[in-house]
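Have a look at the structure below, then the notes.
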């Protein structure tokens, strides 16, 4: 098969997905790696030619790669994941609305262009977690204990911010990965509590969490994805959805991910935009 990997500059030297591309090449497949942030792409011809069996995206929120993936989808080419699904989970405002509509356990969400505007959020929802609506990898996340500290949560740039009530927890998050229909989890120290006494590593996936993760995939139409889960007083709460996570500590992740991409390239019915 012939595949096109779109890899943003942030991941140019990352093992994921470059090790996957190398594994596919070692299996006899052709993989063209394109860096949207530094490459000249003859979009009118390269996409419309349809010479790749599938396009695979590893990008950052706001990066140029998603536009190229959407261009491929627009002419009916196969993408991994579905381009519309990626768009839905890259915008955290959109993610929250879709998730709540389908009954997924996500926090109440407020959106504003400036953190100080969250002063109108009812006191009962503090402390707040404030983060960029288009953020990723935990960048720009702030824990705001009360309204007096909102000014310190301001971020550079013109993007929207979202605010959600902080979910009381043991100072840890569960990173849950879906790969080839199976779920894997790792326990990590919460970025909001970096000094917490948490023993990080692979852990079994609780049945309740697996059910939530499966529903996330169904709601958003994702095949390869991850979710960040906080185990709160009322059960698991989804605080983030990732369309192409790192799959850290997943056994034999590179080969399994390569195999899953091939399966999707062969079987996915492309949805023309």
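For this structure, a couple of remarks:
- Within segment 28-53, the set of residues being in contact with a strand residue (DSSP E or B) (Cβ under 8 Å, 6 or more places away or on another chain) and under 19 Å from residue 66 (Cβ atoms) comprises 32, 33, 34, 35, 36, 41, 52.
- Any hit, segment 166-178, residues being surrounded by fewer than 21 Cβ atoms within 10 Å (Cβ to Cβ) and over 30 Å from residue 118 (Cβ atoms): no
- Index of the failed condition, residue 186 passing every other in (1) under 30 Å from residue 112 (Cβ atoms); (2) assigned to a strand (DSSP E or B); (3) in contact (Cβ under 8 Å) with a residue 24 or more places away in the chain: (1)
- Residues of segment 96-138 that are within 30 Å of residue 180 (Cβ to Cβ) and modelled with pLDDT of 95 or more: 96, 97, 98, 99, 100, 101, 102, 103, 104, 105, 106, 107.
- With respect to (1) more than 21 Å from residue 262 (Cα to Cα); (2) modelled with pLDDT of 95 or more, the lone exception for residue 37 is condition (2).
- Complete set of residues in segment 3-13 that are farther than 11 Å from residue 244 by Cβ and at pLDDT below 95: 4, 9, 10, 12, 13
- Residue within segment 48-66 that is over 26 Å from residue 219 (Cα atoms), surrounded by 17 or more Cβ atoms within 10 Å (Cβ to Cβ), at pLDDT below 95 and outside the structural domain of residue 236 (by TED's automatic domain parsing) present: yes
- Checking each residue in segment 258-270 for being touching a strand residue (DSSP E or B) at 6+ places or on another chain (Cβ under 9 Å) and modelled with pLDDT of 95 or more picks out 260, 261, 262.
- With respect to the conditions (1) within 21 Å of residue 191 (Cα to Cα); (2) in a helix (DSSP H, G or I); (3) without any contact (Cβ under 8 Å) to a residue 40 or more places away in the chain, residue 131 lacks only one, and its number is (2).
- For segment 93-125, the set of residues classified as under 28 Å from residue 219 (Cβ atoms), touching a helix residue (DSSP H, G or I) at 6+ places or on another chain (Cβ under 8 Å) and part of a helix (DSSP H, G or I) consists of 94, 95, 98, 99, 118, listed by residue number.
- Looking only at residues of segment 171-182 that are in contact (Cβ under 8 Å) with a residue 60 or more places away in the chain and either in the same structural domain as residue 17 (by TED's automatic domain parsing) or in contact with a helix residue (DSSP H, G or I) (Cβ under 9 Å, 6 or more places away or on another chain) (or both), we find that the one that is nearest to residue 131 (Cα to Cα) is 174.
- Residue within segment 183-201 that is more than 21 Å from residue 89 (Cα to Cα), in contact with a helix residue (DSSP H, G or I) (Cβ under 9 Å, 6 or more places away or on another chain) and not assigned by TED's automatic domain parsing to the domain that holds residue 64 present: no
- For residue 129: the one exception among (1) crowded, with 18+ Cβ neighbours inside 10 Å; (2) within 19 Å of residue 222 (Cα to Cα): (2)
- Listing of strands (runs of 3 or more DSSP E) fully contained in segment 192-248 that carry 2 or more residues being surrounded by 18 or more Cβ atoms within 10 Å (Cβ to Cβ) and in contact (Cβ under 8 Å) with a residue 24 or more places away in the chain: 225-232, 235-242
- Residue in segment 75-85 that is surrounded by fewer than 20 Cβ atoms within 10 Å (Cβ to Cβ) and at pLDDT below 90 present: yes
The values are calculated or read from the model by the stated rules, or taken from the named source; none is laboratory data. This structure is a prediction, so every number in the text was calculated from the model and none was measured. Heads up, the Cβs are rebuilt from the backbone with ideal geometry, glycines too, and the neighbour counts pull from every protein chain shown.
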